[in-house]
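Engineer: For reference, the structure I am asking about is given below.
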Amino acid sequence: MSYTGDVTAGGPAEVRELPDLTISKVEVGDFGNNAYLLRCRETGDGVLVDAAAEPGRLLELIGDRPISKIVTTHRHQDHWMALAEVAKATGAETVAHPLDAPHLPVPVTLPVEHGDKVTVGVVTLDVIHLRGHTPGSIALLFQDGHLFTGDSLFPGGVGNTERDPARFEQLYTDVVRRVFDRLPDEAWVYPGHGKDTTLGAERPSLPEWRARGW
């Protein structure tokens, strides 16, 4: 069965098998958050992106194989409500941008900045700092084709900037310059809530997003 990225609360994971990486997506919590488990196919090492809620479900998804890191894409509480419990159970390093790290419930053991790398076994993920939704929001990029965006980019627009013009301009600019100007239309977007999309599906709407200002 081909990967769609469509998940439901309490439902099974959607799994995508790439040559080097396996991506498992689940929906957890009352806010429809997406959590992603990434596993290196060569070593079995794993990284969890956003321990958002339902620690029992996330630990079941992780299973008996280890994970080395938990990445929190940004400081908002709905993205880290299971972080303390999952980190304690797995012993994984905790990863976030320094600007958002103080707002998390556990110390960040691996702070990352724009341009840094996060490793999953022999696989490397690029850190992209997307400022505006929060000061320290980050995305993770795998091989220019798979982008985990947290709440900075969704189908239909950039993340919520609370109608603050300066924050919107910063986020829009970062998303255009660091994502759309860099990556091909085929690049797949895995957001923090809801359905996936591609850059090609969203690119024609960039002028509309700028004009509406949110």
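Just so you know, all these numbers are worked out from the coordinates, no wet-lab data involved. All values derive from a computational prediction rather than experimental measurement. As a convention, Cβ positions derive from the backbone with ideal geometry for all residues, glycine included, and neighbour counts pool all protein chains shown.
Engineer: How large is ³J(HN,Hα), in whole Hz, for each residue of segment 132-142 in order, when computed from phi with the Karplus curve 6.51 cos²θ - 1.76 cosθ + 1.60 and θ = phi - 60°, using x for Gly and Pro?
Structural biologist: Each residue's phi maps through the Karplus curve to give x, 5, 9, x, x, 5, 10, 10, 10, 10, 10 Hz.
Engineer: Note down the relative contact order for the chain as a percent, whole number, built from C-alpha pairs under 8 angstrom at least six residues apart.
Structural biologist: Answer for the chain is 15 percent.
Engineer: While we're looking at this one, here's another question. So, by mean Cβ neighbours within 10 angstrom, what's the order for 185-194, 123-132, 164-173 with the highest one leading?
Structural biologist: In descending order of packing, they fall as 123-132, 185-194, 164-173.
Engineer: Quick check on segment 90-214: of the DSSP beta bridges with both residues there, what percent are antiparallel, nearest 5%?
Structural biologist: 70 percent
Engineer: Next question, about the same structure. P(r) tail for the chain, what percent of Cα pairs lie past 29 Å?
Structural biologist: Considering the chain, 17 percent of its Cα-Cα pairs are separated by more than 29 Å.
Engineer: Would you tally the net charge around V118, using a Cβ to Cβ cut-off of less than 13 Å, leaving V118 out, and scoring K and R as +1, D and E as -1?
Structural biologist: So the environment of V118 carries a net charge of -3.
Engineer: With +1 assigned to the C-beta of every Lys and Arg and -1 to the C-beta of every Asp and Glu, and no other charges, what is the dipole magnitude of segment 77-121 about the Cα centre in debye, to the nearest 20?
Structural biologist: 120 debye
Engineer: Provide the per-residue ³J(HN,Hα) series for segment 72-79, in order, calculated from phi with Karplus coefficients 6.51, -1.76, 1.60 and θ = phi - 60°, each as a whole number of Hz, with x at glycine and proline positions.
Structural biologist: 9, 6, 6, 6, 5, 4, 5, 9
Engineer: Here is a follow-up. Could you name the lysines whose alpha carbon sits less than 19 Å from that of K117, not counting residues in the same chain fewer than 8 places away?
Structural biologist: K69
Engineer: Once amide H atoms are built 1.01 Å from N in the peptide plane, which residues 5 or more positions from T197, or in another chain, come under 5 Å H to H?
Structural biologist: Correct list: V189.
Engineer: With both bridge residues required to lie in the chain, what share of the DSSP beta bridges run antiparallel, to the nearest 5%?
Structural biologist: 70 percent
Engineer: How do the peptides 65-77, 98-110 rank, highest first, by the average count of neighbouring beta carbon atoms within 10 Å per residue?
Structural biologist: Listed from highest to lowest mean packing, they are 65-77, 98-110.
Engineer: Roughly how many debye, to the nearest 20, is the charge dipole of the chain about its Cα centre, given +1 on each Lys and Arg Cβ, -1 on each Asp and Glu Cβ, and no other charges?
Structural biologist: Charge dipole, the chain, about its Cα centre: 260 debye, nearest 20.
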